[in-house]
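Asker: Handing you a structure now.
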Amino acid sequence: MAHSIRKVGIIGAGQMGNGIAHVCALAGMPVVINDIQAARLKDALATINGNMARQVARKRITEDDKLAALKLITTAETYDGLSDCDIVIEAAVEKEDIKRKIFTELCPALKPEALIATNSSSISITRLAAATDRPEKFIGIHFMNPVPVMELVEIIRGIATADVTFEASKEFISKLGKTIAVAEDFPAFMVNRILLPMVNEAIYTLYEGVGNVEGIDTAMRLGAHHPMGPLELADFIGLDTCLSVMQVLHEGLADSKYRPCPLLVKYVEAGWLGKKAGRGFYDYRGAKPVPTR
């Protein structure tokens, strides 16, 4: 029998965690958000409220939908607050050691039948599952950013993931009104295996002086009809995340074509991580973004 998912726990009150909470609550599911920083939990509720208000303004949802959804979201400062969840989705930073530590500490707080998912965009599901006490109940559920807007969810089974876990996860994603793409457990799965090397190549194009920031982004927006240029996209994703994914690809597939561009490394070392840091390939501190190169 398929495991039924009614209540959802989310670890990480960042951009992804907030987005996942947002769509789950709108689908009528109670959600508990956990984060190590209490202040971030307050910010998360304010962000979700603001994002839902925008959907109301655009007539995507009604004011009643918004109020009903917000009532379903609570926060917890410890993993014990997730004890009655049917699934817990980890949406912490894209660093394997941090994720493994979370899973080791989380498992004792969960009920035995609870499923665990990671929103990792690149790390081996099989390896992460091995850090838990229930690898057969572990799965990759990779939402795209921004979660309320993007229609796709990648679903990735580890070597130990049971069929019931897979079926329950598919049913859960369908309830959220998202489209599922099933990927095999290889570095960066499908979307990022294709997307991030393109972003990295755009950074090499800048690094080698083939074009400047504006030229490269305009070329891809107007020449390939991309909604956003690759350097603007890198800033939106976060340059630290872009670098993490490229490192996973480079180490996992041992192919030099995945070598992170030295310029990307330099920007990350400078703390110019993109939009969230106020500077990346564009400077966001003024009235409008200005290229930094």
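Asker: For the chain, what are the per-bin percents of Cα-Cα distances with bins 5 Å wide, up to the bin holding the maximum?
Answerer: Per 5 Å bin, starting at zero, the Cα-Cα P(r) for the chain comes out as 1, 6, 12, 15, 17, 16, 14, 10, 6, 2, 1, 0 percent.
Asker: Roughly how tilted is helix 15-26, in degrees to the nearest 10 and between 0 and 90, from the longest Cα axis of the chain?
Answerer: 40 degrees
Asker: What is the Cα radius of gyration of segment 191-291 over 2.2 N^0.38 Å, N being its residue count?
Answerer: Segment 191-291 yields a ratio of 1.01.
Asker: Compute the angle between helix 191-207 and the longest alpha-carbon principal axis of the chain, please, reported from 0 to 90 degrees and rounded to the nearest 10.
Answerer: So the helix axis and the longest Cα principal axis differ by about 20 degrees.
Asker: Continuing with this model, one more query. Net charge near Met29: determine it from the other residues with C-beta under 14 Å of the C-beta of Met29, scoring Lys and Arg +1 and Asp and Glu -1.
Answerer: For residues surrounding Met29, the net value is +1.
Asker: Could you let me know the centre-to-centre spacing of segment 241-278 and segment 10-32, using Cα atoms, in angstrom?
Answerer: If you average the Cα positions of each part, the centres end up 28 Å apart.
Asker: Determine ³J(HN,Hα), in whole Hz, for all residues of segment 48-53 in sequence, where each value follows from phi through the Karplus function 6.51 cos²θ - 1.76 cosθ + 1.60 and θ = phi - 60°; x replaces Gly and Pro.
Answerer: Those phi angles translate into 4, 4, x, 5, 5, 4 Hz.
Asker: At 222 nm, what value in deg cm²/dmol follows for the chain if DSSP H runs of at least 4 each add -39500 (n - 2.57) and the sum is divided by all its residues, to the nearest 500? Don't skip to the end; give the middle numbers.
Answerer: On the way: 11 runs with 129 residues, N = 293.
Dividing the helical sum by the residues of the chain leaves -13500 deg cm²/dmol.
Asker: Using only the alpha-carbon atoms, how far is helix 239-253 inclined from the longest principal axis of the chain? Give it as 0 to 90 degrees, nearest 10.
Answerer: 80 degrees
Asker: Compute the distribution of all C-alpha to C-alpha distances in segment 82-149, in bins of 10 Å from 0, and list the percent of pairs in each, rounded to whole numbers.
Answerer: 22, 56, 21, 1
Asker: If you don't mind, another one. Please give me, ordered by residue number, the GluC sites (Glu not before Pro) of segment 136-206 that lie in loop per DSSP and have at most 15 other Cβ atoms within 10 Å. It would help to have the intermediate numbers written out before the result.
Answerer: On the way: sites: Glu136, Glu151, Glu154, Glu167, Glu171, Glu184, Glu201; in loops: Glu151, Glu184.
Answer by residue number: Glu151, Glu184.
Asker: Test of understanding: in a Gaussian network model of the chain with alpha carbons linked when under 10 Å, which of Lys170, Lys266, Lys101 would top the mean-square fluctuation ranking?
Answerer: Maximum fluctuation in the GNM of the chain, among the listed residues, is at Lys266.
Here, each number is a calculation from the coordinates, and none is a lab measurement. Keep in mind that what you see is a predicted model, and the values were worked out from it rather than measured. A quick note on method: Cβ atoms are made from the backbone with ideal geometry, for glycine too, and the neighbour counts reach across all protein chains shown.
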